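Q: My structure is below; once you've seen it, I'll send some questions.
The values are calculated or read from the model by the stated rules, or taken from the named source; none is laboratory data. Given the structure is predicted, the values throughout are model-derived calculations rather than measurements. Cβ sites come from the backbone with ideal geometry, for glycine too, and all protein chains shown count toward neighbours. Accessible surface areas use protein heavy atoms only, side chains included; no ligands, DNA or RNA. Shrake-Rupley method; radii C 1.70, N 1.55, O 1.52, S 1.80 Å.
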Amino acid sequence: VQLQASGGGLVQAGGSLRLSCAASGRTLSRAGMGWFRQAPGKGREFVAAISRGGTYTDYLDSVKGRFTISRDSAKNTLYLQMNSLKPEDTALYYCAAKSDAIWSGTYRDRYDYWGQGTLVTVSS
């Protein structure tokens with residue numbers, strides 16, 4: 001599976017961005033999926049996850065109410081809608097997938113496949 005993340009960019013605080021993660025090589029319909037981020041000088045942290053069927057989601061506390069993870073199985077694509085962005089959201093954002101899993105969870109070691117990352121920069 002190859003994952004291609006896109007949609008990052010420069011935005012002012014309070015603005016919005018939508019990240020996309022397109023998969024090729026294999027369908028994601030049987031995969032649990034998630035988004036992680038890595039800020040400069042920091043480790044990679046969990047942001048959001050979604051179950052195989054899309055019915056269950058989980059979020060980092062600091063993004064709850066601002067970010068929404070979703071998936072479109074027909075398009076084999078994962079999304080992250082980010083609203084009310086803050087400077088502390090600045091990071092390289094990665095999408096990830098765990099194959100043949102109903103739920104992938106918050107731990108990065110559980111994921112089998114990773115995208116290349118897309119940079120989100122929020123100016124104050």
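Q: So, in nm, how far is label D61 from label V1 when the simple model puts each one 7 Å beyond its Cα toward the Cβ?
A: 2.9
Q: Still on this structure, please answer the following. With the contact rule set at Cα under 8 Å and sequence spacing of 6 or more, what percent relative contact order holds for segment 1-90?
A: 32
Q: For the chain, what is the convex hull (Cα atoms) projected area averaged across all directions, in square nanometres?
A: 6.6
Q: 7 Å from Cα along Cα→Cβ at both E45 and A13: what's the point-to-point distance in nm?
A: Here the modelled spin labels are 1.7 nm apart.
Q: Points 7 angstrom from Cα along the Cβ direction at K75 and W114: gap in nanometres?
A: Between K75 and W114, the simple spin-label model gives 2.6 nm.
Q: Accessible area per residue, 1.4 Å probe, Å², for the chain: what's the number?
A: 49
Q: Next question. Can you divide the C-alpha Rg of segment 1-57 by 2.2 N^0.38 Å and report the result to two decimal places?
A: Working it through for segment 1-57, the quotient is 1.31.
Q: May I ask you to evaluate 6.51 cos²θ - 1.76 cosθ + 1.60, the Karplus curve with θ = phi - 60°, for each residue of segment 62-75 and list the ³J(HN,Hα) values in order in whole Hz, giving x for glycine and proline?
A: Along segment 62-75, the couplings run 6, 10, 4, x, 10, 10, 9, 9, 8, 9, 10, 5, 5, 9 Hz.
Q: Something else about it: Enumerate the amide H contacts of G9 below 5 Å, restricted to partners 5 or more residues apart or on another chain; note that Pro and chain-start residues carry no placed amide H.
A: Here the answer is V120, T121, since their amide H atoms fall under 5 Å of that of G9.
Q: Ignoring ligands, DNA and RNA, what percent of the accessible area of the chain is carbon or sulfur (1.4 Å)?
A: Here it works out to 47 percent.
Q: Oh, and also: List the lysines whose Cα lies under 26 Å from the Cα of K86, skipping any in the same chain that are fewer than 8 positions away.
A: Cross-link targets: K42, K64.
Q: What is the local net charge at N83, summed over the other residues whose Cβ is closer than 13 Å to its Cβ (Lys, Arg +1; Asp, Glu -1)?
A: Local charge sum for N83: +3.
Q: Search the structure for amide H atoms under 5 Å from the amide H of G105, placed 1.01 Å from N in the peptide plane, and list their residues when 5 or more places away or on another chain.
A: Hits under the 5 Å cutoff: none.
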